[in-house]
Amino acid sequence: MATASPPAQPASAQRVPFRVRLHRFWQRVTEGLELTQLWSQFETEARSSYRLYSRDVAAKTPEGLTRRGHNLHVVKEFFWAVLEKLSPARRVLLLAALIMLAIPHGGFSYNGEGGKVYSVEFDFHFWGGLLLFLLLMLEIADRVVMKRDLQIAREIQTWLLPGAPPQIPGVSIAYTTRPANTVAGDYYDVFPRPGRTNEENRVVFAVADVAGKSIPAAMLMATFQASLKTLSTAQVALPELVANVNKYACSNSQGGLRFTTAFLAEYDAARRIFYYINAGHNNPILRRANGLIERLDVGGLPLGIQPEASYEAASVALAPGDWLIIFTDGLVEAVNARDEEFDEPRLLSALEAGKSTAPKELLDRLMCDLDLFVGSTPQHDDVTCLLIKAENV
């Protein structure tokens with residue numbers, strides 16, 4: 001008599017080998033990163049954390065201490081630098097955990113009824129470790145909430161920046177930005193500025209760098225973008241436009257502490273002329289087709305310092321084969337592990353090597369050169385670069 005075979009179990013009910021489960025767990029923990037990538041990430045984060053705490057320690061370390069006194073002072077200030085980053089309640093929690101971890105196993109004995117001896121032991125190490133775990137959970141919860149809020153802020157900031165480069169007669173462009181933190185204080189934009197007639201139509205090029213980093217700089221960057229876009233609708237010359245932006249910036253700069261360096265320009269596509277004002281910004285580099293280097297340095301003070309500051313405009317004509325590089329200081333001041341700056345000579349070398357390519361290709365090559373130079377050194381400032389290449393019409 002034939003017997004029916006038992007039904008096959010679904011795949012989900014089959015036992016997964018331990019090695020497979022361990023591999024899945026490791027992939028989930030590391031998000032697929034290799035050991036070299038994990039080490040590089042750890043090294044970058046360790047350097048960044050060291051810089052955060054070392055600034056506080058260095059600011060409070062007096063001169064003239066003996067070597068032993070200096071070491072003790074550094075340890076003490078490092079302890080306070082860590083402790084003061086926590087809320088008062090969590091400081092108490094951390095101190096209690098450290099005290100418990102320092103106390104050896106202890107207990108006491110007492111005699112009970114019938115002459116029995118009872119002993120009670122306290123494992124302070126266990127409770128100290130538990131308190132540290134609780135503190136870690138609280139800090140992670142804060143970090144998750146902050147990271148979510150920062151991600152939303154980054155998405156909003158992304159909406160304020162241009163998407164794909166616009167098509168402009170006579171030039172091709174490419175741009176990119178890399179925040180040092182989740183959000184940035186750098187700003188770049190390319191947008192049309194209609195004139196009274198078609199012959200007066202212009203295209204505005206803007207690259208700006210707000211003093212500071214992260215949330216405060218990002219908020220001022222948003223106000224700068226809004227003021228520039230709004231004031232650009234007025235039918236005024238470029239010097240007056242920049243002066244108006246400066247007056248608005250002064251009302252939000254905390255007495256000049258939160259100033260903004262900016263390079264603002266208008267491009268006349270019909271005449272192939274670039275009108276510009278450099279408001280205390282890094283001098284953009286104009287490389288002529290014949291190899292001659294010019295720097296666009298005419299302008300005035302950074303925005304947000306003096307409400308009545310005046311600005312001088314200048315102009316350059318762009319011929320086919322000319323390159324214009326507009327950048328923030330985060331590009332040329334990026335440092336490697338030896339504390340060497342990327343600097344302008346390397347920027348010029350990258351430009352020379354890619355002068356026959358398209359702006360997008362040259363920009364990718366430049367960012368690659370920057371990554372190779374910096375290595376695992378943490379990025380200490382926002383990096384923004386805008387490339388313009390004059391083409392045949």
Debye log10 I(q)/I(0) for region 211-304, one point scatterer per Cα, at q = 0.11, 0.18, 0.20, 0.21 Å⁻¹: -0.36, -0.87, -1.01, -1.08
Whole-number D in µm² s⁻¹ for region 279-331, Kirkwood Cα-pair radius fed into Stokes-Einstein, 25 °C, 0.890 mPa s: 194 µm²/s
FRET efficiency, Lys60 to Leu94 (Cβ-Cβ, R0 25 Å, nearest 0.05): 0.80
FRET E, pair Leu372, Arg47, Förster distance 22 Å, beta-carbon r, rounded to 0.05: 0.80
Cα-centre dipole for region 254-393 with unit charges at Cβ (Lys and Arg positive, Asp and Glu negative), debye to 20: 460 debye
Geometric extent, Cα atoms of region 171-238 - Rg, Dmax (angstrom): 14.1, 43
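Which values, in whole Å and largest first, are the semi-axes of the equivalent ellipsoid of region 78-223 obtained as the square root of 5 times each eigenvalue of the Cα gyration tensor?
Numbers: eigenvalues 814, 34, 22 Å².
Taking √(5λ) for each eigenvalue gives 64, 13, 11 Å, largest first.
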The chain: antiparallel DSSP beta bridges as a percent of all, rounded to 5: 95 percent
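Below 8 Å between Cα atoms, with a sequence gap of 6+, how large is the relative contact order for the chain in percent? Write down the numbers at each step before the final one.
Numbers: 614 pairs, mean separation 56.5, N = 393.
After rounding, I find 14 percent.
Extension gain Trp39-Gln235, at 0.36 nm per residue separation less the Cα-Cα distance, in nm? Let's see the in-between values first.
On the way: separation 196, 0.36 × 196 = 70.56 nm, distance 5.55 nm.
Extra length from Trp39 to Gln235 when fully extended: 65.0 nm.
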Listed residue (Leu130, Ser310, Gly321) projecting farthest to the positive dipole end of the chain, Cβ model: Leu130
Scattering profile of the chain at q = 0.08, 0.10, 0.11, 0.13 Å⁻¹ [log10 I(q)/I(0), Debye over alpha-carbon scatterers]: -0.62, -0.84, -0.95, -1.17
Percent accessible area from carbon and sulfur atoms, the chain, protein chains only, probe 1.4 Å: 58 percent
Under 18 Å from the Trp159 label point (7 Å along Cα→beta-carbon), backbone N, region 207-231: 218-230
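Under a point-charge model restricted to the Cβ atoms of Lys and Arg (+1) and Asp and Glu (-1), what is the dipole moment magnitude of the chain relative to its Cα centre, in debye to the nearest 20?
Values: 39 positive and 43 negative charges, 227 e Å.
That gives the chain a dipole magnitude of about 1100 debye.
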Over 27 Å between alpha carbons, listed pairs Lys229/Lys355; Lys147/Lys247; Lys60/Lys247; Lys85/Lys147: Lys229/Lys355; Lys147/Lys247; Lys60/Lys247
Mean ellipticity per residue at 222 nm, deg cm²/dmol - from DSSP H runs of n ≥ 4 across the chain, formula -39500 (n - 2.57): -14500 deg cm²/dmol
Selected from Ala153, Leu220, Leu331, residue furthest toward positive end of dipole (the chain; charges at beta carbon): Ala153
GNM result for the chain, Cα springs below 10 Å: residue of Trp39, Trp26, Trp127 fluctuating most strongly: Trp26
Pairwise label distance in nanometres, Leu292 with Val75, each label 7 Å out on the Cα-Cβ vector: 6.5 nm
Hydrodynamic radius by Kirkwood, which averages 1/r over all alpha carbon pairs of region 41-109, in angstrom: 14.5 Å
Dipole of the chain [Lys/Arg +1, Asp/Glu -1 at C-beta], most positive-end residue of Val29, Tyr187, Met100: Met100
Taking region 281-393 and dividing mean pair separation by its residue count, relative contact order in percent (alpha carbons under 8 Å, at least six apart): 30 percent
Nearest-ten-degree value, helix 67-83 long axis tilted from longest Cα axis of the chain: 90 degrees
Solvent-accessible surface (1.4 angstrom probe) belonging to Cys250, in square angstrom, nearest 10: 30 Å²
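Evaluate E = 1/(1 + (r/R0)^6) for Leu348 and His125, where r is the Cβ-Cβ distance and R0 equals 51 Å; express this FRET efficiency to the nearest 0.05. Kindly include the intermediate steps, with their values, before the conclusion.
Working: r = 60 Å, r/R0 = 1.17.
E between Leu348 and His125, to the nearest 0.05, is 0.30.
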Cα coordinate range in region 287-370, projected on the principal axes (Å, largest first): 42, 38, 20
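At 0.36 nm per residue, and after removing the present C-alpha to C-alpha distance, how many nm does the segment from Glu199 to Val145 gain when stretched out fully? Please list the in-between numbers first.
Details: separation 54, 0.36 × 54 = 19.44 nm, distance 5.13 nm.
Extra length from Glu199 to Val145 when fully extended: 14.3 nm.
The values are calculated or read from the model by the stated rules, or taken from the named source; none is laboratory data. Just so we're clear, the structure is a prediction, and the values are computed from it rather than from any experiment. Every residue, glycine among them, receives a Cβ derived from its backbone with ideal geometry; neighbour counts consider all protein chains shown. Surface areas here come from the heavy atoms of the whole protein model, side chains and all, with no ligands, DNA or RNA. Shrake-Rupley method; radii C 1.70, N 1.55, O 1.52, S 1.80 Å.
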